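Structure, as structure tokens:
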Amino acid sequence: MGTRARVVVLEGDFGVMKIEEVVLPPVGPRQVLLQVYAAGVSHVQLHQVAETQDRPRLIGEEAVCRVMEAGPGVTHVAPGDLVVVSPYEAPGAPAGEVSIELEDGATTVPSRLFTFATNAIIDARFVYPLAKITDREAAAILGSTVVDGAGAVLRAGVSSGSSVAIFGASGTGLAAVEAARNAGASPIIVVDRSDKRLAIAAKLGATETINATTEAASARIRELCPGGVAFLFEHKPVAIQGEDAVTGISFNTHGETVLLPCDKIIIAIGQVSRTPDWLTQLGIVATEQGAMTVDELGRTGHPKIYAGGDNTLG
């Protein structure tokens, strides 16, 4: 007898979601049955909601859970363990597909993960042991949001004395702040429109904060770093200056067109249904899901443009 679960089902046009009662199939080899404590929401889900679904879809890719059952071949976690689910898989053979029958009799097969549920069956490669914690809800973003922000900083090679500018103090941006602080970067400049977020960024290690609604970010950054910052973290550049080597970046933020000198750029986007035009224009090739191939240092096809997050393969 399988485990009963409530799951979020996404279907139809633009974000039609409902909660259904289903029965999960038995746990197979290299699979883990989980009780979900808390799930994170990332921009990947926003992309999914904005797309027309050709079939019912189960969504969610990061969560904190308790292991209820580990299938044959799973040795790194055991029943009762606290774990984090991440969209980044560990090495190893993939588990088989999970076929789930919905209330109307239709069958759906999750593409990789689903964590918007009370219980889930997940490929063990995406499940990682987690130390004992008290704030399970906050830990739900460790699997993707924190890895995206901190991973971009680590991959880019930020080190002691590096100058860093981070646009956006969301969860990913704040994770980048902490990683930059731990690397010894200085200054660490954070730009956002929310004083509350900027205050959190300061507590986490930002040395300078700029509210883009009250002052021009580009002018203030030039005051702090006349020669430009070494590392700039942003989501969507308008243009990259330089050909063989990056000399700067321009982008739109909060109604202002910003042009800043820099010599390395880290791109972080969620998975999308097709390669964005601006990536193609930069000469960066991506998969149909928008995943950019990177080397072991996180570099894309351009030697000075890095990618971090679940939009990368490598």
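Calculated accessible area for the range 1-111 comes out at 50 Å² per residue, all protein chains present (probe 1.4 Å; ligands, DNA, RNA ignored). In percent, rounded to a whole number, the relative contact order of the range 81-220 is 18, using alpha-carbon pairs under 8 Å and six or more apart. Considering only Cα atoms, the convex hull volume of the range 73-132 works out to 112 Å³ per residue. Past the 12 angstrom mark, what percentage of all C-alpha to C-alpha distances in the range 1-57 do you count? Here the long-distance tail beyond 12 Å is 73 percent of all Cα pairs in the range 1-57.
The trypsin sites (Lys or Arg not before Pro) of the range 118-154 that DSSP puts in a loop, and whose beta carbon has at most 12 other beta carbons within 10 Å, are 132. Measuring max minus min along each principal axis, the C-alpha atoms of the range 105-144 give extents of 40, 20, 15 Å (largest first).
Across the accessible surface of the range 70-223, with the other protein chains kept in place and a 1.4 Å probe, carbon and sulfur atoms take up 51 percent.
Most tightly packed first, judged by the mean number of other beta-carbon atoms within 10 Å of their residues, the peptides 146-153, 107-114, 204-211, 21-28 read 146-153, 204-211, 107-114, 21-28. Phi angles across the range 144-160 convert, under the Karplus curve 6.51 cos²θ - 1.76 cosθ + 1.60 with θ = phi - 60°, into 3J(HN,Hα) values of 10, 4, 5, 4, 4, x, 5, x, 4, 5, 5, 5, 6, x, 4, 9, 4 Hz, Gly and Pro given as x.
Measuring nothing but how far apart in sequence close Cα pairs (under 8 Å, 6+ apart) lie, relative to its length, the range 150-198 scores a relative contact order of 45 percent.
The convex hull built on the alpha-carbon positions of the range 1-123 has an orientation-averaged projected area of 7.2 nm².
The values are calculated or read from the model by the stated rules, or taken from the named source; none is laboratory data. Bear in mind that the values here come from a model prediction, so they are computed numbers and not experimental data. All Cβ positions, glycine included, derive from the backbone under ideal geometry; neighbour counts span all protein chains shown. For accessibility, only protein heavy atoms count, side chains too; no ligands or nucleic acids. Shrake-Rupley method; radii C 1.70, N 1.55, O 1.52, S 1.80 Å.
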